[in-house]
Amino acid sequence: MIKKSIILPAVICLLILVIIAMNTVYSVPTYAPPKEVIWTKPESKIGIAHTEIFGMLERPQVIFDHKKHAEALVKEGKKEWETCNACHPVDEGNALIFDFPKKVVKKEKDSVMNAYHDQCISCHKEKVQEGKKSGPVICADCHKEDHKNVKVKYPVAEFDFAHHDKHVKNKKLKEDCSLCHHTYDAEEPDETLRLVYEQGTEESCYYCHDTEKKRGPELAPIVRVTAKKGLTIRKASHLQCLNCHVEFAKKAKKDEKAGPVECSKCHTGEYKTISELAKVPQPDRNQPEKTLIDIENARMKGVGFNHSSHEKYNRTCRGCHHETLKACKECHGITGTPEGNMVNVADAYHNVVSEHSCSGCHGIKKSEKECAGCHHNIAPVDIETMNPKKETCARCHTGKKERIPILPLSVAGLDPEKVKKEVTVKILENEFEPSKFPHLDIIKKLVKISNDSKLATYFHTKMQTICDGCHHRSKAEAEAKKDTPPFCRNCHPVAYDPEKLNKTKLLSAYHRQCLGCHEMMDLEKGRKCSECHKEKKEPKSITSIKNFELPTRLLEKFGWTPVTN
Amino acid sequence: MDRRTFLKTIGVGLAGAAGGTLLTPHPSKAQVVFDGMEFSGILVDTTRCIGCRRCEKACAEVNNLPVPNISETANEAVFKKMRKTTDIQYTVTNLYETEKGNFFVPWRCMHCNQPGCRSACLVYAMQKRTTGHVTWDTNCMGCRLCMLSCPFDIPKFEYQEAIPRIQKCNLCFGRFNKGKVPGCVEACPTEALMFGTRRKLLEEGKRRIAQNPGKYVHHIYGEYEVGGTSHLYLSAVPFQQIGLRTDLGAVAYPVYSLVYLTAIPFIATLTPLFMLGIARAVRMRKEREEKEEKGKEEKEKHK
């Protein structure tokens, strides 16, 4: 009896330990997931997988060639616009709904699968009976094994302002904006009359049909309705664009052309750049050309804003007007309101991380190649910055509608005594000849970059601003009085101090300032050692810079006592 | 089995399992201070390294090794292949091409907080100094166990020499005692290498990660690896992409052999005693049985 009571717990203990051990060994994933092949230019092919309903697929996805099917129907004698309703359903108003399959009883595994199989296979069988060339009816002919790891990534069809302009100028459309634009009146009791058009309120489709974004209290009820009806931006634009194109094709006479119906005509994958779009006329929505942004009861003076020149730097109006095409101050008050997502007006203009604010967008500009050389070192100024210079704020807050005329910068006024043409640096004189730094040439180049950019010209008011790019923390006023040039060594020590690791040494300051700027500006020049350093004939030891010893006070502090043996 | 025994067995089983997990070695905490002295170390910021190889030249000068040619043309040829440290190169820089661009990565002894080489050394020729340096001494007997035990493949043996030694970076222990920073750190023109106390270096590394959002991977290599090292790395790309091992875990290498080595004295002394005990018990039982049998036989005889 005694023996039994010992053996049983021992065995169980051992078993548990074995299970723990096996768990740790076998819980490590051993398989590598197969590599995905992404088709970025699928032309007219669509991947049908519905992983949101099916989850893990039992059979590989079907890659459906839309163009092939449409062409097959055209060959039967149908016109291009007649082919759609062969597969896609039509609503009461005879408008096409671009859904497939025609009828899904319930958004659930079996019914979706059956709907697809019924519609595809029955049509294929019909064609066979009619004696025509037909598609597959056997599983593996559609669910091809080699499509298992393919991911079809459709390029988006971007409706830019060039397209908009084309539609506006089309005489057949008779400048009727209501053909596309509408808004939803949720308070109207009659449901059929809720879609209304009001001139002067046209906005982007995205505001209501982008159901993924969270909107403010004004738009939220409308977005809720679009989400409920499933009118995502994808579905809405197919409904609106394609139906109109089909309608026009129906009525078109022989030599007239209607809009495209084929997938790849709109989903080209080629987008216009911002500079190309700048030449396209902007839609007229009664926006002012110039305006004074003046907030009532604000502490700061108003800001003169040239709307038309800012339009050219954005792809869409949504770049700044993120929720409606209203002026910023209508939602963002001096104190936050629910309409403005509790963001007050000061933050709305000055938030450095937002893409919709002035400071944020200018910050993005400053990270471009030309500007980043200096600006990657300069922290952005926002309303939280302690003691910003008065002139920094006054640059925008002028209180006038017109912008102050600015003269471009020029190197002519520089004192050649103070601003040296060339600076020699001797810090590595043990190994190399002194390096020559073309001080004035660099200033000239930076001035040219600044004058070429409209944004930089406005904000770089003095030559001092250019100097600050490299002499980043020099106190210009104090130095002017003392008449000492802003040497790097004034702040950057030669000696090594392990207690102040974030204080850059002089040797490192030179290299990182020069190389960092050349790297950020993507310059090919000045990236190799030999471009600055000419080797000496008899170089001395590499480790013999003066004053390069650890301070004794530190040795004591860290308890570092020398060991003699 | 009744309810009582069932619960008892489960309880004992769970206790056994818990005891088992408790007895297995746990990652020891990274040390920064030992015996009142701060561990010193080097912080390598791989985003700053420009691949000039001045650290290699300085290292050679300081340690009286053959001085490499670090002209630009020579560097180009050198960076074409991956190098490892040798008995005449205590530090090497390699070029790694990654998704975020090219990175130069200097490579030398990691100076682990609890070095595997030190615990493997039979004669204590490898030493972990209280200031963080891992150094080699001349009382080495040449068994090369340190080379086997190092997860970073750092100690190198002078196979060509008549009286071979183990060679590796010693964080310029000699220069340190004269109050100087390591040669490589002094020569670095961009402060990609920084020398200081391990505590300060970790602080500085974390400051850089925090102040440059998006620039660095949010981890300092060497903070926890193999129980912490004195040679630390900052990187913009995952560490395996710049040739650093990420499969080492946070357990110091000596810990792996700790349980085994502590057990040996007990087993060596207790096993004979235990066996003797069993032998004695068995013998006693046999004697008792024999006695009983004899008694029985005698009784039968008496009958």
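The values are calculated or read from the model by the stated rules, or taken from the named source; none is laboratory data. Keep in mind that this is a model prediction, so the values were computed, not measured. Here Cβ is always computed from backbone atoms with ideal geometry, including for glycine, and neighbour counts include all displayed protein chains. SASA here: full protein model, heavy atoms, side chains in, ligands and nucleic acids out. Shrake-Rupley method; radii C 1.70, N 1.55, O 1.52, S 1.80 Å.
Things to note:
- Sole residue being surrounded by 12 or more Cβ atoms within 10 Å (Cβ to Cβ), touching a helix residue (DSSP H, G or I) at 6+ places or on another chain (Cβ under 7 Å), among the hydrophobic types (A, V, I, L, M, F, W, C) and outside any helix (DSSP H, G or I), chosen from A:137, A:112, A:156, A:105: A:137
- Of the set (1) charged (D, E, K, R); (2) modelled with pLDDT of 90 or more; (3) open to solvent by less than 70 Å² (accessible area, probe 1.4 Å), all apply to residue A:285 but (2).
- For segment A:159-184, filtering for residues that are over 28 Å from residue A:312 (Cβ atoms) and open to solvent by 60 Å² or more (accessible area, probe 1.4 Å) leaves 3.
- Residue that is surrounded by the most Cβ atoms within 10 Å (Cβ to Cβ) [pool: residues in segment B:210-219 that are within 13 Å of another protein chain (Cβ to nearest Cβ) and either at pLDDT 95 or above or over 18 Å from residue A:501 (Cα atoms) (or both)]: B:215
- Residue ID - farthest from residue B:195 (Cα to Cα), chosen from residues in segment B:35-69 that are part of a helix (DSSP H, G or I) and not charged (D, E, K, R): B:60
- Restricting the first member to segment A:108-122 and to residues that are touching a residue at least 12 places away in the same chain (Cβ under 8 Å), and the second to residues that are of a type in the set (Val, Ile, Thr), the beta-carbon pairs closer than 6 Å and six or more apart or on different chains are A:112/A:53; A:112/A:104; A:115/A:104; A:121/A:137.
- Residue match in segment A:55-63 (condition: open to solvent by less than 60 Å² (accessible area, probe 1.4 Å), without any contact (Cβ under 8 Å) to a residue 40 or more places away in the chain and on the phi < 0 side of the Ramachandran plot): no
- Subset of segment B:47-83 (residues that are under 17 Å from residue B:184 (Cβ atoms), charged (D, E, K, R) and surrounded by fewer than 17 Cβ atoms within 10 Å (Cβ to Cβ)): B:61, B:83
- Residue in segment A:22-33 that is within 33 Å of the chain's Cα centre (by Cα) and either open to solvent by 60 Å² or more (accessible area, probe 1.4 Å) or not β-branched (Val, Ile, Thr) (or both) present: yes
- Taken over segment A:373-388, the criterion of being open to solvent by less than 50 Å² (accessible area, probe 1.4 Å) and either in a loop (DSSP other than H, G, I, E, B) or touching a Leu at 6+ places or on another chain (Cβ under 7 Å) (or both) is satisfied by A:382, A:385.
- Test: residue in segment B:199-214 that is small (Gly, Ala, Ser) and more than 16 Å from residue B:229 (Cβ to Cβ): yes
- Where residue A:399 falls short, out of the listed (1) at positive phi; (2) touching a Phe, Trp or Tyr at 6+ places or on another chain (Cβ under 7 Å): (2)
Rundown of residues vs (1) touching a residue at least 40 places away in the same chain (Cβ under 8 Å); (2) open to solvent by less than 10 Å² (accessible area, probe 1.4 Å); (3) more than 14 Å from chain A (Cβ to nearest Cβ); (4) assigned to a loop (DSSP other than H, G, I, E, B), yes/no style:
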position	(1), (2), (3), (4)
B:127	no, no, no, no
B:163	no, no, yes, yes
B:196	yes, yes, no, no
B:201	yes, yes, no, no
B:205	yes, yes, no, no
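- Residue list for segment B:165-185, filter: over 20 Å from the mean Cα position of the chain (by Cα) and either modelled with pLDDT of 90 or more or more than 9 Å from every other protein chain (Cβ to nearest Cβ) (or both): B:165, B:174, B:182, B:183, B:184, B:185
- Scanning segment A:181-218 for residues that are at pLDDT 90 or above and part of a helix (DSSP H, G or I) gives A:206, A:207, A:208, A:209.
One line per residue, one yes/no per condition, for (1) within 9 Å of chain B (Cβ to nearest Cβ); (2) at pLDDT 70 or above:
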{"site": "A:13", "(1), (2)": "yes, yes"}
{"site": "A:16", "(1), (2)": "yes, yes"}
{"site": "A:33", "(1), (2)": "no, no"}
{"site": "A:38", "(1), (2)": "no, yes"}
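Results for (1) aliphatic (A, V, I, L, M); (2) within 14 Å of chain B (Cβ to nearest Cβ), shown as yes or no for each residue.
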| position | (1), (2) |
| --- | --- |
| A:463 | yes, no |
| A:477 | no, no |
| A:495 | yes, yes |
| A:512 | no, yes |
| A:529 | no, yes |
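- Test: residue B:174 is part of a helix (DSSP H, G or I), free of Cβ contacts under 8 Å to residues at least 60 places away in the same chain and of a type in the set (Gly, Ala, Ser): yes
- Checked against (1) modelled with pLDDT of 85 or more; (2) buried (at least 17 other Cβ atoms within 10 Å of the Cβ); (3) among the aliphatic types (A, V, I, L, M), residue A:261 passes all but condition (1).
- No other residue among A:334, A:364, A:404 is more than 19 Å from residue A:452 (Cα to Cα) and open to solvent by 50 Å² or more (accessible area, probe 1.4 Å) apart from A:334.
- Scanning segment A:66-82 for residues that are hydrophobic (A, V, I, L, M, F, W, C) and either part of a loop (DSSP other than H, G, I, E, B) or in contact (Cβ under 8 Å) with a residue 60 or more places away in the chain (or both) gives A:70, A:72, A:81.
- The set of residues from segment A:445-468 being among the acidic types (Asp, Glu) and either within 24 Å of residue A:418 (Cα to Cα) or more than 26 Å from the chain's Cα centre (by Cα) (or both) comprises just one member, A:468.
- Taken over segment A:199-249, residues that are β-branched (Val, Ile, Thr) and within 24 Å of the chain's Cα centre (by Cα) amount to 4.
- All positions within segment A:219-242 that are touching a residue at least 24 places away in the same chain (Cβ under 8 Å) and part of a loop (DSSP other than H, G, I, E, B): A:219
- Test result for residue A:391, crowded, with 17+ Cβ neighbours inside 10 Å, in a helix (DSSP H, G or I) and of a type in the set (Asp, Glu): no
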